[in-house]
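A quick write-up on the structure given underneath.
Bear in mind these aren't lab numbers, they're just calculated from the coordinates by the rules spelled out. As the structure is a prediction and not an experimental result, all values here were calculated from the model. Here the Cβ positions follow ideal geometry from the backbone for every residue, glycine too, while neighbour counts run over all protein chains shown.
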Amino acid sequence: MAPSGPSERRAVDSPLVEAFFERRENLLLFLAARTRCMATAEDLLQDLFVKLSTTDAGAEVKAPAALLYRMATNLLIDHVRSAQRSSRRSAEWRRDTRVQLAGEDVSQEPAADEAIISRERIRLLADAVADLPPQMGRAFRLHKLEGLSQAQTAQAMGVSTKMIEQHIAAAVRRLSERLRP
Amino acid sequence: MAGTLAHKDRAAAEAGAWLARLQGDGLDERDGLEFEAWLGAAPANRAAYEKALSVWHEFEDGADAILAELSDRTRRAPRPYLPRRWLVGAGGAALAAGLALAVLPSAVMQASAETYVTGKGERRTITLADGSVVDLNAESRLQVSFSRGARRVVLGDGEAIFDVTHDAKRPFTVAASDRVVRVVGTQFDVRSRKGHLTVTVARGKVQVGPAGRSGTGLAMQLTPGQRLDVAESGRAELKSVDPQETFSWRAGRLVYRSQPLADVVADLNRQFDRQIEIADPELGKMPITGVIVLDDQAAVMTRLSLMLPIRSVPSERGLLLLRK
């Protein structure tokens, strides 16, 4: 698990480690924006801690917070690459284990890393996406559900990346209002 | 109380903006530092962000199932219009103004199809999913269906200005009358009223050809400043025009060059409730050249009577035009 208790602190923390503990929660929320779930974000935070404890802390770090976010960003980039590989693997695995029951696709077992969402909840989520204004809905679907980057989504829709970011922002707001009253 | 609500509202909007920004392709530490500053700025910010994040993660987990559910709906789509799915344009104003925006169950992409209808005196600007913008004139009907390889629009009786975004892989076609207007990225006006079609090009290249195999006539290539007139009989005529004159209805002006009064009256009858009738058919042939500003009908009638030797009197249906 990620470091959190004081026992994990060394007697004399480097300024970098100190800066890490000061903004641990913020880093977690920053990482979680790009991970599947909070647990994955916690794992990455753990990786970040390991990395910074092993870096040469003797060197004076002028801007520890900036360095931490830079490290976090790099971790996210690596993580997204490997997550794409593993999700492709798990999609293949799921195909292999899928069976047909009365015309319905049934997975024999849900993928281990996947939370199980009820059929009912899926319908609610799909309704919420279907009710977004068309362009906003399309941006959300391409970017969030089909996994295109914002730039790819912008290209697919023939609008600017900034426009996609705005659509996603508005969609997130609408969706979180509707789905979590 | 109201203050707290406004506060939460703002936090929710900003949380959405942050979550979107953090998905950005060029994410770096500056984003992180600014994000941290925002989190610390108000307690409501952190709560709003966490709420948005949990919904975001739910969509991540359910992505495949939600996509399957959405495409199932598209496939099932039994009826062209489901009243349940009538959307109110941008938050109510559009419906209030009489614009009916019907969205098919498939609206959320793939082959999404939407129908836009304008009433008398109504003009609407519609931004399509690809970023193309359509200005719809009064009493017009437009059906839009986009798919992976094609952008198809059907203009029923009506007039529209299309400002089409460039996408060579997905040609944009407008079917109107029995012709198909095919473009890649351009700006043009299509008017299809009672079987009479005109296509006016302001930018780019536009091809107008017969619709389907049964259609007759050759395809024609139009360049900026050209207008193709296709009469109901099928007789086509190519003219040089100032496209901005054709486009002027968008700004609430009608520009005419030696057009018969009957045509002008037909246009006005799409703009105003009180219908105008011309007493004498010979009067209807009288040519008009000038600009008519569409503010209110009484003012329009006054200006019209200054352009031609005519006067209007109230009638059972609305107004009757007589020779002065």
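The figures follow:
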item	result
Averaged over A:68-79, number of beta-carbon atoms from partner chains that fall within 10 Å	3
Per-residue mean of C-beta atoms belonging to partner chains within 10 Å, peptide A:38-45	1
Counted charge near residue B:121, where neighbours are those whose Cβ lies closer than 13 Å (Asp, Glu -1; Lys, Arg +1)	-1
Estimated distance in nm for a label pair at residue A:62 and residue B:127, the labels positioned 7 Å out from Cα along Cα-to-Cβ	4.1 nm
Förster radius 45 Å - calculated FRET efficiency between residue A:178 and residue A:50, Cβ distance, rounded to 0.05	0.70
Two-site FRET efficiency, residue B:322 against residue B:223, from Cβ-Cβ distance with R₀ of 56 Å, rounded to 0.05	0.80
Overall form of the stretch B:2-76 per C-alpha gyration tensor (a/c, 1.5; a/b vs b/c)	oblate
Shielding score for B:163-173, defined as the mean number of other chain Cβ atoms within 10 Å	1
Estimated FRET transfer efficiency (residue B:285, residue B:169; beta-carbon r; R0 56 Å; 0.05)	0.70
